[in-house]
Every structure is written in C-alpha cells, then in structure tokens.
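Only one structure is covered here, and it is reproduced in the block below.
The values are calculated or read from the model by the stated rules, or taken from the named source; none is laboratory data. All figures in this text were calculated on a predicted structure; none of them were measured in a lab. Here the Cβ is made from the backbone with ideal geometry for all residues, glycine too, and neighbour counts use every protein chain on show. Note: areas computed on protein heavy atoms with side chains; ligands, DNA, RNA excluded. Shrake-Rupley method; radii C 1.70, N 1.55, O 1.52, S 1.80 Å.
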Amino acid sequence: QASTVQATSVSRKPTPEAACTMSRCCCTNAEKEKDNKFTVGGENDISEGPVQRRSCTDVFCIPVFILAQLAFIGVTVMGLADGNPARLYRPRDYRGAYCGAEQNWNGGPDTSNAPMLSYTMNMFSTTDVIMKQLVCSSVSKSALESLLTSPEFDEYLCDCCLVPCGRCDGALDNGGDLKTGSQLQSTISARMAELTNASQAAKLFSPTGANGDLFGSATFWEYTTKYFNAVCLPSCNTSIATINASSGVVRTYLYSPAKDDPLYLEWRVLLNSSLASDIKATMEKDFTFQALPYSVCPYEPELCVPMPGVAFSKITFGSDFCTFEMSADVIDAIGSAAASTFESIGGSSMVLPANEELGKWAGDFQKTIDTFAVVSASSFIVGLVFLILVRFFVGCCVWLTIFMTVLMFFFGGFSTYVLSGQCKGATLMESGQQTVTAVLMVVKTGEDSASERMDPQADGSDYRGAQRRTKTGKLCLNWADQTDFPKYTAANYNRSDLVSNFCRNPYHEGDANKATMIWCITGVAHAPWEECVPIGVFRPQCLHGYAIDTQKMRDTLWGASFVIWAVGLIWIIVIMCFVRRIRLAIALNKVAAVFLGNNPHILWVPIMQAVIAIAGSVTWMWSASFLLSQVPAGYTPTGHFETYEEAQGTVSTCAFWEFGEDCKGTKGQCADRWPMGLAWKDNNCEMDGDVAKCWRCAQPRFTLDLRFAWSVFIYLWNNAFNAAFGQIVIAMAVSVWFFTGQKSQTPVVAPAFRTVVPDHLRSVALGAFVVA
C-alpha cells in the first residue's frame, strides 16, 4: 500500500494537504513539496527498494523458533522408540486383527503366515434365506407346533412372518413354502448344493439355478461386506482348490444360526429332536461345509469356508489387498460382461470406515514416499507451465471456474432432492416404483381424499378406503374368496369391514400378532400377503427404510435442496454485479505475468520453496507415522456386548440446527472417544443367562496425543515460515521492479534477499507462528 502511494507521488505533484500529512503540518507549501520529492541519491531515494533505515525487532523469535525445532526432534526420537508404522498400512481382518502379525491384540489370531487380506463366505448371511425357508416351511411348522410351548410358537410365527405382526411388513420371500417332506429335502438339497459343492458353482450365480437371482443379481455384489468375511490368508488365490491341494487337515463345519438369531431356538430344536428325523437328516447332510485347514486359514472353521465360484487376485502388483474375480466356469455360465460387472461392484463396495481410512492413508504414504516425490515434482512442473501460460488464458480459467460453480449449485441441489426420498439399497428408479403405483391408482379409481382418510399415527385399523393393490402393485384377492389365510373372514373380523378386495388391517385386541399397516392377501406364492398404502399417498414408502434413516434429516435435505438452488441464483446475481471487478482482477493477473516475463529468475524462489516443503513433509510424515501408531493396550474394552448399539453406539436423530440432550447420539463402548474402535460380531457369543452377547471391539489403527499435536504444530509452523519467507522475498522483488526504470535489466532477487534476511526474518517467524 505504501508503494502504491509512493508511485502515485512520482507521477503526480502532491497537494499541500497530502504533503502535510506525509511530512509535517507547520511548513510552507514550497517546503512541503520539496521535502517529499523522490529523487535518486536524495533522502527519499527508493530506486533500489524501500528506505534502508531499519532496526532489529522481534529478536526473541529466532531463538524460540530454533528451540521449537529441537523439541520436535525430541518428540520424534520418542516416537521411534515406541511406534510401529506397519500398524497404519497393514491390512486388517473384519475384527481388527492385523495380517502378517504374529501377535494381535486381545488374543487375536496368529497371522504371521497370512499377510494378504482376502475374503471367505459369511456363513450366516449367505445361508440365512435357505435356513428360513426350511425352518419356516409348513413341514417344520407342523413339527414345531408340538415341540414348542404356546408362547414360543407364537414368537416363531411372528419371526417367520407367517402371520401379520408388528415385526413384519409382509410375508418373507424365502423361495416358496415347502409343504411335504420330499419337497423340503429336494429343494433344500438343491439350494445348498450350490453353496457346498464346488462343481455346481456356476449354477449359484445363474438366474436359472436353484437359488434364482439371490446370488446372481447386482444387489448381492453391492453388499459384499455382508456376504463375505474379510480375513487374512497366505495368498489371494486361496479357494476350494486349496483344500484339495493342501497337506493340512481339512475341516468341516455344520451350520448353525448365530445365538442371537430369532430362529436359533427353532433350529436347535429341529436339529436335536427325534420327532423331526427327516428334517434333522436334511440339516445334517446339506448344511455341512468344508473349511480351509488351520495352516492356511488361522481362524475358526466357520470363517474359513471359501465362496464357490469366486476367486481373488491382488488389487495391484505388490499390494496386500485382494479383489474379486469370477472363476472360468461361472464366466461361461453368466457371460463375461455380467461377471465383469459383478467383480467391479463387489470390489468398490469393500470400503473402510472413515477413521480406519485416515490411519491407512498415513501408512500408505510411508510405503510410497518415492511416488510422493515423483508426483510432487511433476505437479510443480505443471505449476510452472501454468504460470508461464497464465497471461494468455487467465480469463478463460476465471470464467470457466465461475460457470462450473453455477453448475455445482444446480447439481448439488438436484442430488440433495433425490437423496431426501431415496430408499435404502435401491436405485432411484426402484424408489419411484411405489409413487408411480400410487399415481396410477388415483387416476384409475378417481377416489377422493375423504374416503381415504386414515390416522397417520395409527396402524390402519380405522381405514375404510378403496385401495385394492399393495405398495408394489400386486392386486388383492377378495377376502371372501381367498384360502391362504382362512381365519380372515368378515364373520371372524366383523368390525374390520372385510369387503371386496380392499386393503384392511383386521385383528382382535387379544391377537398375539398384529400388523402395523393396512395389508391384503395377494395369492402370490412367494408373497401371499403384503402391506398397502392409501390412495393418494405419493411419497415413496420404503419397505426396508430410507438411505437417510431419520425423518427429520430427510425433511432437512428436502428443504436444503431448494436452499442450494436459491443460493445458486443469488450467486449468479452477484457475478453479474461484479463483472467489472472480475475483469479488473483478470487484467491484474496479466500484469503479474509481465513481471514474471521480465524476471524469469524469480522462479528459483518457489522452486526452492517447493524442494524445502517436499523434504519437510517427507521427514514429518515419516516421524508422525511412529507417533500415530502407538495405541495403548487399555484404550479399547475387551469384553462382549449384547447389541451393536451398545458396542458401537447410536447416531442422533435430530436435524443439524437442533440441540439438547435428546439430540445427542449414544456413545458405544467401542466408540466412546476418537479415534474410535470398531464393533464386530463374534460367532462364539458369551452367554449371560439367556442373553447372547455377540459383539466385541477392535482397536483403532492410531491414536492422537500431545506429542503428535506438538509435531503437527511444528509442521504447520515450518510450512507457514517457508511460505511467508518466499512471499516476502517475491513482494520485495516486485517493489524493486516497480520503481526501476530499466525493468528488464535491473536484478531484483538479490536486493530482495539482502533486505528481507537481516530486517524481516524475525517478523516472518512471528507471523508464521500466529498463522500456525
């Protein structure tokens, strides 16, 4: 600013008032004008830069800066003694054990011979549908009616959704009912053979197989974290073939639901009862799996069963992580295009939690320092080229950036609007199916809103409307003609208005199982009953929840989409008002490019800054990786917990503007501090009376303490000092260039250094401290 004032004085004679302000007030006009002239060799000579009358200030800053660097070295030495950077980048299995480690926390497996993170079949998720088809079949129902107590049998009916009840929104689609023993044996044997027999793997992923599209759809591969266990194995190609080729002892595993599964009791009763011998024989024969030997897979047998038809390979050369591939027979059965799609979806769905990812980033950096150096050098070269070319296309860059910002507001608002009503696990088209059905029903029936009134807070028992289709568009059967649920008749439920084929929610107060919404009987084999939505309700109703869990947050997103569009409109108006200012800024950048053209050697300043910054960052990241990797033994609890919520905690259901105790999520035992540990489900549950406690904690990859905080501060201080020193040198060089006549011949960098180092270095250190 001072330079600007001085430059103005060179080209224009100052007024007496201005001269008085710059000098003294008690003087004549002639004296004022004489004293303030800038002449070469005179008292106000600035032809070689600012006035040289300087004195030392901020002297204490340099010793403090040096002491801080010594403290940083001390903290680094402490980290070298206790840290283990391998914890930051080694892969971890689903319960937090490190691959390639002889000892793992809390009695974890010895994975010293298993350095690769690969995947095995999750027995509980993949077999769940088949297990429910068996246990919930008519054959098993008949057997369990005499084996269970009356309250247990009522619970069983609701757990299987065989009757309308509060825990179900429709009948389970398990592949159809099994009404005879021979039908049960043939159906279950065919479905399980595709999971237990490697020779039938091609059928498993084919829509024509016994399991239909359960494993052959993109949805299955989008939830690979549910259907696969992340475990440590010796190599990526560990598969069914490994069992046959291994000299180790092949293990077997007889499937059983987890102890906290609602149908665990029914499964055990059928398996141990002599009254259900045919069912027991099917369970023992068809639900037995071969597992990898312990020498290959250092886990319990149920965690070492490979998924038939799925192979794995390294993500990249030298990586410790495996990704999905389909075996040759599966590719032949479903086609290479479908196989490629499944592999891509499966690999992309295997993502790490945010706190897990942060620690892994630090470890990855420590492993790839050479790549970091190459990328940094390449980026700097690109930056230099940009500085040279900026004079010619700075205008295009600025206007293109402004246009891209406008597009960002538009698409940001659009995405937020879509997200506010998107169903969990469904695409936008799938989420809109229910809305389309509702609109078509209004057009077809022409019902008015009065006839469709229903208490939105109730269960639909008061509904007397004319809806005759389910929420997915299935046509309802007449209550008087249906035979799937013979007890639901107008005579038995005379207060529920069971007329024609209109959706209702009939129940008596004493019924053990009650639906929570209006429903009807469809007559469809795989879904004999399903919930309905009153005519005129256009907002999508999601069967399994929304992508955004809380209603308040969905409403917030819906409103936020319009706010984003409004801000975008305001942004456009602001840009239109500041067009002249933007053009001035573009012109100023072009003048800066002229300075660079006259003084190309000034580029050595940012080059040296970049070299120092890269070297400093590499040194700091190397030292910080030791500090980050120190996780105290007592940081995470070692016990068992009953629910995931107790272990991991719950998320607040309030909108971002709401506060108070009711808006705070519950902290879980594994996540009561940050960095948070991870909750994982242990197959060997701990029993506390009749309560199964199956959830446990895993340590985070890293922790943050005061030593790391000091290390970060010194890193920021050094970076700020480096940036500030380069900026002040360049600013001084620009000043020298601005006030010289021979702009292309006068050296500017050396005079700038001679002025900055003795007179301003301490101030640079102080300013960098404040910024850091």
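Every residue, every condition in (1) in contact with a Cys (Cβ under 7 Å, 6 or more places away or on another chain); (2) in contact (Cβ under 8 Å) with a residue 24 or more places away in the chain; (3) open to solvent by less than 40 Å² (accessible area, probe 1.4 Å); (4) of a type outside the set (Asp, Glu), yes or no:
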site: Ser625; (1), (2), (3), (4): no, yes, yes, yes
site: Thr638; (1), (2), (3), (4): no, yes, no, yes
site: Thr650; (1), (2), (3), (4): no, no, no, yes
site: Trp680; (1), (2), (3), (4): no, yes, yes, yes
site: Asn684; (1), (2), (3), (4): no, yes, no, yes
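Return the residues of segment 368-385 that are within 17 Å of Gln609 (Cα to Cα), within 28 Å of the chain's Cα centre (by Cα) and touching a residue at least 40 places away in the same chain (Cβ under 8 Å); say none if nothing qualifies.
Phe372, Ser376, listed by residue number.
Within the set of pairs 6+ apart or on separate chains, which have a first residue in segment 554-577 that is of a type in the set (Phe, Trp, Tyr), a second that is part of a helix (DSSP H, G or I) and open to solvent by 70 Å² or more (accessible area, probe 1.4 Å), and C-beta atoms under 7 Å apart?
What qualifies is Trp558/Tyr417.
Okay, residues lined up against (1) buried (at least 18 other Cβ atoms within 10 Å of the Cβ); (2) of a type outside the set (Gly, Ala, Ser); (3) part of a strand (DSSP E or B); (4) over 23 Å from the mean Cα position of the chain (by Cα):
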residue: His508; (1), (2), (3), (4): no, yes, no, yes
residue: Ile521; (1), (2), (3), (4): yes, yes, yes, yes
residue: Asp549; (1), (2), (3), (4): no, yes, no, no
residue: Ala560; (1), (2), (3), (4): yes, no, no, no
residue: Val563; (1), (2), (3), (4): no, yes, no, yes
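Taking Ala610, is it open to solvent by 40 Å² or more (accessible area, probe 1.4 Å) and not β-branched (Val, Ile, Thr)?
Here the answer is no, as Ala610 does not meet what is asked.
Can you tell me which residue is modelled with the lowest pLDDT among those in segment 395-432 that are open to solvent by 80 Å² or more (accessible area, probe 1.4 Å) and in contact with a Phe, Trp or Tyr (Cβ under 8 Å, 6 or more places away or on another chain)?
Among residues in segment 395-432 that are open to solvent by 80 Å² or more (accessible area, probe 1.4 Å) and in contact with a Phe, Trp or Tyr (Cβ under 8 Å, 6 or more places away or on another chain), the one modelled with the lowest pLDDT is Lys424.
Any residue that is more than 26 Å from Thr755 (Cβ to Cβ) and modelled with pLDDT of 90 or more - is there at least one of those in segment 55-67?
yes
For segment 158-187, how many residues meet the condition of being under 37 Å from the mean Cα position of the chain (by Cα) and among the aliphatic types (A, V, I, L, M)?
3
Looking at (1) closer than 26 Å to Cys136 by Cα; (2) of a type outside the set (S, T, N, Q); (3) buried (at least 19 other Cβ atoms within 10 Å of the Cβ), find the lone condition where Leu233 falls short.
(1)
Kindly provide the set of residues from segment 573-605 that are surrounded by 14 or more Cβ atoms within 10 Å (Cβ to Cβ) and farther than 30 Å from Ile728 by Cα, ordered by number.
The answer is Ile575, and nothing else.
Out of Asp448, Asp459, which single residue is modelled with pLDDT under 85, acidic (Asp, Glu), closer than 30 Å to Arg554 by Cα and open to solvent by 80 Å² or more (accessible area, probe 1.4 Å)?
Residue meeting the stated conditions: Asp448.
Only one of these is touching a Cys at 6+ places or on another chain (Cβ under 9 Å), of a type outside the set (Gly, Ala, Ser), open to solvent by less than 20 Å² (accessible area, probe 1.4 Å) and touching a residue at least 40 places away in the same chain (Cβ under 8 Å): Val764, Val736. Name it.
Val764
What about Leu498, is it open to solvent by less than 40 Å² (accessible area, probe 1.4 Å) and assigned to a loop (DSSP other than H, G, I, E, B)?
yes
Scan (1) open to solvent by 60 Å² or more (accessible area, probe 1.4 Å); (2) modelled with pLDDT under 90; (3) of a type outside the set (Gly, Ala, Ser) for the single condition Cys168 breaks and write down its number.
(1)
Which of the residues that make up segment 469-483 are open to solvent by less than 80 Å² (accessible area, probe 1.4 Å) and not small (Gly, Ala, Ser)?
Residues satisfying the conditions are Arg469, Thr470, Lys471, Thr472, Lys474, Cys476, Leu477, Asn478, Trp479, Gln482.
Could you list, in sequence order, all residues of segment 416-425 that are touching a residue at least 40 places away in the same chain (Cβ under 8 Å) and in a helix (DSSP H, G or I)?
Of everything in segment 416-425, those that are touching a residue at least 40 places away in the same chain (Cβ under 8 Å) and in a helix (DSSP H, G or I) turn out to be Thr416, Tyr417, Leu419.
Among the listed residues Thr288, Thr316, which satisfies the condition of being modelled with pLDDT of 90 or more, loosely packed, with under 15 Cβ neighbours inside 10 Å and of a type in the set (Val, Ile, Thr)?
Unique residue meeting the criteria: Thr288.
Could you check segment 83-108 and list, in sequence order, the residues that are farther than 28 Å from Thr368 by Cα and touching a residue at least 60 places away in the same chain (Cβ under 8 Å)?
Answer for segment 83-108, where residues must be farther than 28 Å from Thr368 by Cα and touching a residue at least 60 places away in the same chain (Cβ under 8 Å): just Asn106.
Taking segment 236-249 as the search range and keeping residues that are open to solvent by less than 60 Å² (accessible area, probe 1.4 Å) and more than 36 Å from the chain's Cα centre (by Cα), which one is modelled with the highest pLDDT?
Gly248
Filter segment 179-209 down to residues that are modelled with pLDDT of 85 or more, hydroxyl-bearing (Ser, Thr, Tyr) and in a loop (DSSP other than H, G, I, E, B), then give me how many there are.
The number of residues fulfilling the criteria is 1.
Taking Thr636 and the conditions (1) within 14 Å of Ala671 (Cα to Cα); (2) in a helix (DSSP H, G or I), which numbered condition does it fall short on, given that it satisfies the others?
(2)
Looking at segment 687-694, can you tell me whether even one residue there is assigned to a helix (DSSP H, G or I), among the small types (Gly, Ala, Ser) and either at positive phi or open to solvent by 50 Å² or more (accessible area, probe 1.4 Å) (or both)?
No, segment 687-694 contains no residue that is assigned to a helix (DSSP H, G or I), among the small types (Gly, Ala, Ser) and either at positive phi or open to solvent by 50 Å² or more (accessible area, probe 1.4 Å) (or both).
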